[in-house]
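First comes the structure, then the notes that go with it.
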Amino acid sequence: MLNPLAAHAHRVGAMYCLLLSGAAIASALVTMPSRGIGRTKPVVRARNEVPLRMCGILAVFDSRIDDDEMEKLTKELTCLLEHRGPDEVGYKGGPGFGLGHARLSIMDPAAGHQPLVSKATGAAVIHNGEIYNHAKLRARTAKERAAAGKPLYEFQTGSDSEAVLPFFEDLGEGVISQLDGMFTVIAVSADGEQVVVGRDPCGIKPLYRGWNTDGRVIFASELKCLVGQVEQVEEFPPGHYWTPQKGYVRYFQPKWMTPLLDPAEPIELPTGGTNKIRETLKMAVEKRLMSDVDYGLLLSGGLDSAIVCKLMSELTDMSKIKSFTVGMANSPDVTAARAVAEVFGTDHYEYLFTPEEAFSIVPKVIYHLETYEPELIRSSIPNFFLARLAGSHLKVVLTGEGADELFAGYLYFRDCPSREAMQRETIRIYDALHNVNLQRSDRMGMAHGVEARVPFLDVEMLRMAYEEVDPAIKMHSEARMEKFC
C-alpha cells in the first residue's frame with residue numbers, strides 16, 4: 001500500500017476544507033464576461049433555478065403482477081428519473097417485465113425513442129450512455145448475417161442504442177463485450193425469458209440492482225427508484241453483465257487488472273515508453289466527438305482538460321466549441337482556464353460563485369449525488385454550477401477526468417517507493433473511480449441534462465497506461481513534475 005498516512009492526510013485535509021473553507025469551494029451564480037477570450041460573448045447574468053434534467057433507465061422484473069400493474073409501477077418509478085431525461089419518457093412491457101427510459105436525445109434525436117424494439121423478434125433494449133462503435137457494429141452484423149444466410153436486421157433508427165439489438169439476438173449475453181463506450185444496457189427477449197444487463201468497464205454510467213426474496217428484481221440508474229420497492233440493494237459492478245441464470249459475470253478482465261483480480265499473484269511490470277500515448281488519446285477524443293447535437297468542453301484550468309482542448313483543436317473548428325469554467329473571482333484556475341480558451345479560440349463562458357449560494361445548493365447536490373461522503377460532496381459543489389452553466393448551452397461536453405489515476409497526478413504519489421507500488425496504486429484508484437470522480441461527473445452533469453465524456457478512460461488508453469507504460473515514468477521527482485509523461 002502506498003504511504004497510507006499521506007493518503008489519509010490528503011483525505012482529512014479535504015474534509016477539513018469542507019468544514020472551514022467554504023469560501024474556497026463554492027458560489028453565487030454570476031457569469032463573467034469573457035474578456036479577450038476567443039470570440040467574446042455577452043455576459044450571461046445570474047439566473048433563477050432551471051429545471052433539473054438527466055437521462056436514465058429502469059427495469060422491473062416481477063412475474064407476480066399483471067400487465068396493468070407492471071406498466072403503472074414502471075412508469076411511476078421511471079418518473080423519478082424524469083429529471084435525467086427531459087426529452088421524453090418511454091415504456092415497453094412484456095410477460096413479467098417492464099422497461100422504462102427517461103431520454104436525453106443526443107444520437108438521432110428525432111427517431112431514437114426508447115425502449116427500442118426489434119421488428120423481427122420483438123426483443124427490446126434500453127440504454128444509457130453512448131456506444132462509440134455502433135457504426136462498426138451495424139456494418140458487422142450485416143456482413144455476418146449475410147455470410148450465414150440469415151435475414152438482415154432491419155434498423156429503424158440511427159440511434160447508437162439500436163446496434164445492441166441484432167447482437168443480442170445473435171449472441172445473447174455475449175453482446176455486452178462487443179460494446180465500446182460508456183453505457184448501461186438492459187436487453188430482454190419478447191417473452192421475457194432471455195435477459196442481459198451490462199455496465200461499461202469503468203462504471204462511467206451508474207446502475208443499481210435491487211431485489212426481494214419473492215423474486216422481484218429492479219434495475220435503475222439511481223438509488224431513489226428502489227426505495228420502498230425492494231429489500232436488498234447493491235451497485236451493479238463495472239465491467240460485468242448479469243443474467244437471471246448466471247448472476248454477475250465479469251467480461252472486462254484485461255491482463256493489467258491482475259492486481260485487482262488476484263492481488264496475491266505476482267505482476268509483470270510494463271517496460272514501454274509513452275510514444276503512443278498522444279496518438280491513442282487523440283483517437284479517444286475523436287471517438288467522443290460523435291454526436292448529432294453540439295458538444296463543448298469543461299476547462300478546469302488544469303493540465304488534463306487543456307490537453308483534451310489541444311487535441312480537439314486538431315479535429316474540429318474550435319471557434320464553434322463552447323468551453324466552460326467556474327471558480328472564485330481571480331482564482332488561479334479561472335485565470336488558467338481563460339488562458340487556455342484564449343490560445344485555442346473557444347467560445348468561453350465563466351461563472352463566479354460565492355459561499356452563500358454554495359451552501360444553499362448542498363441539499364440538491366446530495367439528492368443527485370446520493371451520498372453523504374464529505375469529500376465527494378465538497379468537490380461536487382463547483383461541478384453542480386459548472387454543469388448548470390454548460391447545460392444552459394448544450395448537451396455534450398468532454399472532460400479531463402481519469403488522467404490523474406492513469407498517470408499518477410496526485411501529490412501523495414511523491415512518496416511512492418517503487419515501480420510495483422506505483423503500478424498497484426494507480427490501478428487501485430482507477431478501480432475506485434466509479435464511486436468518486438465518475439459518480440460526481442455523471443450525477444452533476446446529468447442533473448442539468450449534460451453528458452460528460454471522458455477520453456482518458458477509453459479502453460485503449462487504459463491498456464496503454466497500465467500495460468505499456470513503465471510505471472517508473474510516472475514517478476515524481478525533484479527534476480520532473482507529476483504527469484510528466
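The values are calculated or read from the model by the stated rules, or taken from the named source; none is laboratory data. Because the structure is a prediction, the values reported are computed rather than measured. Backbone-built Cβ (ideal geometry, glycine too); neighbour counts: all protein chains shown. In case anyone asks, the SASA skips ligands and DNA or RNA and just uses the protein heavy atoms, side chains included. Shrake-Rupley method; radii C 1.70, N 1.55, O 1.52, S 1.80 Å.
Points worth noting:
One line per residue, one yes/no per condition, for (1) in a strand (DSSP E or B); (2) modelled with pLDDT of 90 or more; (3) not hydroxyl-bearing (Ser, Thr, Tyr):
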residue	(1), (2), (3)
43	no, no, yes
50	no, no, yes
59	yes, yes, yes
63	no, yes, no
68	no, yes, yes
76	no, yes, yes
85	no, no, yes
92	yes, yes, yes
99	yes, yes, yes
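- If you check 332, 374 for being of a type outside the set (S, T, N, Q), free of Cβ contacts under 8 Å to residues at least 60 places away in the same chain and under 28 Å from residue 406 (Cβ atoms), only one passes: 332.
Listed here are the residues, each with its yes/no results for (1) over 30 Å from residue 424 (Cα atoms); (2) open to solvent by 30 Å² or more (accessible area, probe 1.4 Å); (3) of a type in the set (Ser, Thr, Tyr).
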{"site": "324", "(1), (2), (3)": "yes, no, no"}
{"site": "335", "(1), (2), (3)": "yes, yes, yes"}
{"site": "339", "(1), (2), (3)": "yes, yes, no"}
{"site": "369", "(1), (2), (3)": "no, no, no"}
{"site": "377", "(1), (2), (3)": "no, no, no"}
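Yes or no, residue by residue, for (1) farther than 27 Å from residue 436 by Cβ; (2) modelled with pLDDT of 95 or more:
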{"position": "148", "(1), (2)": "yes, yes"}
{"position": "162", "(1), (2)": "yes, yes"}
{"position": "182", "(1), (2)": "no, yes"}
{"position": "188", "(1), (2)": "yes, yes"}
{"position": "192", "(1), (2)": "yes, yes"}
{"position": "214", "(1), (2)": "yes, no"}
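- In the stretch 274-321, the residues that are β-branched (Val, Ile, Thr) and in contact (Cβ under 8 Å) with a residue 40 or more places away in the chain: 274, 277, 280, 285, 293, 307, 308
- For residue 284, the conditions (1) part of a loop (DSSP other than H, G, I, E, B); (2) modelled with pLDDT of 95 or more; (3) under 25 Å from residue 347 (Cβ atoms) are fulfilled apart from (1).
- Residue within the stretch 435-448 that is more than 18 Å from the chain's Cα centre (by Cα), modelled with pLDDT of 95 or more and open to solvent by 40 Å² or more (accessible area, probe 1.4 Å) present: no
- With respect to the conditions (1) in a loop (DSSP other than H, G, I, E, B); (2) touching a residue at least 12 places away in the same chain (Cβ under 8 Å); (3) of a type in the set (A, V, I, L, M, F, W, C), residue 456 lacks only one, and its number is (1).
- Yes/no for residue 384 being in a helix (DSSP H, G or I), of a type in the set (Phe, Trp, Tyr), over 20 Å from the mean Cα position of the chain (by Cα) and surrounded by 20 or more Cβ atoms within 10 Å (Cβ to Cβ): no
- A Cβ distance below 7 Å, combined with a sequence gap of six or more or placement on separate chains, defines the contacts here; from the stretch 60-83, residues that are farther than 18 Å from residue 211 by Cβ reach residues that are in a loop (DSSP other than H, G, I, E, B) and open to solvent by 10 Å² or more (accessible area, probe 1.4 Å) in the pairs 83/52.
- Single residue of the stretch 134-147 satisfying the filter (out of contact with any Lys or Arg (no Cβ under 9 Å at 6 or more places or on another chain) and open to solvent by 70 Å² or more (accessible area, probe 1.4 Å)) that is nearest to residue 237 (Cα to Cα): 136
- Residues in the stretch 341-367 that are crowded, with 16+ Cβ neighbours inside 10 Å, within 14 Å of residue 301 (Cβ to Cβ) and β-branched (Val, Ile, Thr): 346 only.
- Filter result for residue 292 (assigned to a helix (DSSP H, G or I) and out of contact with any Leu (no Cβ under 6 Å at 6 or more places or on another chain)): no
- Among the residues of the stretch 260-281, those that are touching a helix residue (DSSP H, G or I) at 6+ places or on another chain (Cβ under 8 Å), farther than 19 Å from residue 472 by Cα and not in a loop (DSSP other than H, G, I, E, B) comprise 260, 280, 281.
- Near pairs, Cβ below 6 angstrom, 6+ apart or cross-chain, from the stretch 118-141 (at positive phi) to any residue that is among the charged types (D, E, K, R): 129/205
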